[in-house]
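The values are calculated or read from the model by the stated rules, or taken from the named source; none is laboratory data. Quantities reported herein were computed from a predicted structural model and do not represent experimental measurements. With ideal geometry, Cβ positions are generated from the backbone for all residues, glycine too; neighbour counts draw on all protein chains shown.
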Amino acid sequence: MMNKRYLVALDQGTTSSRAVVFTLEGHIVAAVAQEFPQHYPHPGWVEHDPADILSTQIEALRGAVRKAEIDPKEIAAVGITNQRETTFLWDRETGACLHNAIVWQCRRTAPIIEQLIRDGRAGLIREKTGLVPDAYFSGSKIKWLLDTLNLRDRARKGEICFGTADSFLAWHLVEGHPHVTDATNAGRTMLFNLHTQEWDEELLSILDIPRQILPAVVDTAQVVGMLREDLLGERIPVASLVGDQHAALFGQACFSPGDVKNTYGTGCFMLMNAGDEFRLSKCGLLSTMAWRLNGKPTYAFEGSVFMGGAAIQWLRDEMHLISSAQESEPVAASVPDTGGVYLVPAFTGLGAPYWNMYTRGTLVGMTRGTGRAHIVRAALESIAYQSNDLFNAMALDCGAKSAALRVDGGASANKLLMQFQADLMNVPVQRPAVLETTALGAALLAGLAVGIYPTLKDTARGWHVMDSFQPQMDENRRKALLSGWKNAVAGAIYWADMQKNSD
Ligand code: ADP
């Protein structure tokens, strides 16, 4: 181990494949991202070409190692983290994919889910998997592929493999083509029983999915095999597979129950460590696995904001109120507050804790004096209000409010947003030195698996708070703002309900 000085993460995302080389202390040495095309064959459908995923991921890996100017012999292990739920089917004999990958965003299987709900299966699914039945998860996507391509017989004969991106990459990049996935990724299929930690026969039979196509489920930190020698000229252990949000939770060192992180990207993903006991949320959050180590699962609550940074893109691309996402900060800061304006950016409905798919974007509280800066500020603040709603839901589910919020993602660069977030939640917001928490988490998990770090806590040595935003807002003001937001959301929901009833 003496000459092993680096860990490499492959971060297979929705729009790009990235590779990051880290030191064992968790510092970034080099990172390379390769974008790939998105395919939209019909409105609401989203696909990726698996060949693009593979080639961009290999290019990124080679590029990052070249850029880091290191000897591949010095790499202790490789970890893989991935966009979750995206569904691949391939031929076990040839490796050839049988269809484009169906991306998590794709809505084509909504009718399958509606049927499951009509059949009264929602409670069962929730109880077994911790998930709310939705087209987002892999289960209905697999069913659609087997139905549409007429593959059930071949599937039963064991001629076909299903996998998410982690599994697909492991099959192609690891010697001997292991057909594996980790427990965090398995947990997003709507087919994996979180209680038994096994594929669930009852759910498989409801969706008519033959057991033979499913990968073996491994721990989140576990050597699944050796990286093919032709890739870097060296055999290196591939030692972690982990869903992206789970990797970020790990990369943010959220190891104790109540530790919580929020990633501010296009959407926001908040995950909280919920300890080693599986519990269902009373507030509409998902229950999911944080990670599984040595066969022992740690659970998490998960909530997402559909329109996070996307609300800022909307200001830029549709409203033309700003010319870049960065400009939102000085424009918002040019006014002391929104002047009573609230934007509820429910462009595609509201998720947890409201779960109202019919709600639409609503702007309230305008006066004759309302200007561009107020609206820009209201859009930024809406990201913090929505995140605060998730934070409070988690506090209700856990019985205690977390002591701080750890943040990352593109929009966490916005200081005004981070300060407002701390003010609303009344707890410090902590931004770490390494914002690539997803890649970092995968690398640290791989390091844990090969013994670089003796214990879980030892992986946290790379996590330092770089910027801390302390709550400064006076209590009365906070209460008034939160009550205004609550009323704005109620208004948005009321309008949507009235519209629905008048249809
Ligand atoms: P993703 O991984 O979802 O593509 P990123 O983490 O790259 O997202 O973050 C990009 C998102 O963050 C975009 O939606 C963008 O509008 C928003 N964003 C980036 N910088 C800022 C900023 N300074 N202020 C507000 N929003 C920002």
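Does segment 192-199 contain at least one residue that is without any contact (Cβ under 8 Å) to a residue 24 or more places away in the chain and either over 22 Å from L145 (Cα atoms) or surrounded by fewer than 16 Cβ atoms within 10 Å (Cβ to Cβ) (or both)? Looking through segment 192-199, at least one residue is without any contact (Cβ under 8 Å) to a residue 24 or more places away in the chain and either over 22 Å from L145 (Cα atoms) or surrounded by fewer than 16 Cβ atoms within 10 Å (Cβ to Cβ) (or both). A search for C-beta distances below 7 Å between a residue of segment 356-372 that is at positive phi and any residue that is at pLDDT 95 or above and β-branched (V, I, T), counting only pairs 6+ apart in sequence or on different chains, returns G365/V341.
When A122, A77, A110, A68 are screened for being more than 25 Å from S304 (Cα to Cα) and surrounded by fewer than 24 Cβ atoms within 10 Å (Cβ to Cβ), only A68 passes. Looking only at residues in segment 204-251 that are among the small types (G, A, S) and touching a residue at least 60 places away in the same chain (Cβ under 8 Å), the one that is surrounded by the fewest Cβ atoms within 10 Å (Cβ to Cβ) is G233. Taking segment 393-421 as the search range and keeping residues that are in a helix (DSSP H, G or I) and touching a Pro at 6+ places or on another chain (Cβ under 8 Å), which one is nearest to the ligand (Cβ to nearest atom)? Taking the candidates together, the pick is A393. Among the residues making up segment 374-392, a single one is more than 16 Å from the ligand (Cβ to nearest atom) and more than 21 Å from the chain's Cα centre (by Cα): H374.
The residue of segment 2-25 that is nearest to the ligand (Cβ to nearest atom), among those that are part of a strand (DSSP E or B) and more than 27 Å from E85 (Cβ to Cβ), is V21. Condition first: among the charged types (D, E, K, R) and within 24 Å of L285 (Cβ to Cβ). Can you find one or more residues in segment 361-376 that meet it? No - not one qualifying residue is present in segment 361-376. Under the condition of being closer than 17 Å to L249 by Cα, among the hydrophobic types (A, V, I, L, M, F, W, C) and either in contact with a Cys (Cβ under 6 Å, 6 or more places away or on another chain) or surrounded by fewer than 23 Cβ atoms within 10 Å (Cβ to Cβ) (or both), the residues counted in segment 399-421 number 2. A search for C-beta distances below 6 Å between a residue of segment 401-420 that is over 17 Å from A311 (Cα atoms) and any residue that is more than 13 Å from the ligand (Cβ to nearest atom) and of a type in the set (G, A, S), counting only pairs 6+ apart in sequence or on different chains, returns K401/A395; S402/G258. For segment 71-78, does any single residue satisfy the condition of being part of a helix (DSSP H, G or I), out of contact with any Lys or Arg (no Cβ under 9 Å at 6 or more places or on another chain) and within 30 Å of V29 (Cβ to Cβ)? Yes, there is a match, as at least one residue in segment 71-78 is part of a helix (DSSP H, G or I), out of contact with any Lys or Arg (no Cβ under 9 Å at 6 or more places or on another chain) and within 30 Å of V29 (Cβ to Cβ).
For segment 26-43, filtered to residues that are in a loop (DSSP other than H, G, I, E, B) and either away from the ligand (no atom under 14 Å from the Cβ) or of a type in the set (G, A, S) (or both), the residue that is nearest to D244 (Cα to Cα) is G26. Report yes if G409 is modelled with pLDDT under 95, over 22 Å from the mean Cα position of the chain (by Cα) and among the small types (G, A, S), otherwise no. No; evaluated as a whole, the condition is false for this residue. If you go through segment 422-437 and keep only what is more than 12 Å from the ligand (Cβ to nearest atom), surrounded by 18 or more Cβ atoms within 10 Å (Cβ to Cβ) and not basic (K, R), you end up with A422, D423, L424, M425, V427, V429, Q430, P432, V434. Scanning segment 44-58 for residues that are over 27 Å from G462 (Cα atoms) and either within 16 Å of the ligand (Cβ to nearest atom) or not hydroxyl-bearing (S, T, Y) (or both) gives G44, W45, V46, E47, H48, D49, P50, A51, D52, I53, L54, T56.
Return yes when G295 is in contact (Cβ under 8 Å) with a residue 40 or more places away in the chain and either within 18 Å of the chain's Cα centre (by Cα) or within 11 Å of the ligand (Cβ to nearest atom) (or both) and no when it is not. Answer is no for this residue. Just one residue in the set A253, A274, A290 is away from the ligand (no atom under 16 Å from the Cβ) and touching a His at 6+ places or on another chain (Cβ under 8 Å); that residue is A290.
This table checks each residue for (1) within 11 Å of the ligand (Cβ to nearest atom); (2) under 24 Å from the mean Cα position of the chain (by Cα); (3) buried (at least 20 other Cβ atoms within 10 Å of the Cβ).
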| site | (1), (2), (3) |
| --- | --- |
| E302 | no, yes, yes |
| D317 | yes, no, no |
| A325 | yes, yes, no |
| S328 | yes, no, yes |
| V335 | no, no, no |
| L350 | no, yes, yes |
| V364 | no, no, no |
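On the stretch given as segment 298-329, residues that are in contact (Cβ under 8 Å) with a residue 60 or more places away in the chain and either acidic (D, E) or in contact with a helix residue (DSSP H, G or I) (Cβ under 6 Å, 6 or more places away or on another chain) (or both) total 11. None of D49, D11 is in contact (Cβ under 8 Å) with a residue 24 or more places away in the chain, crowded, with 20+ Cβ neighbours inside 10 Å and within 20 Å of D166 (Cα to Cα) except D11.
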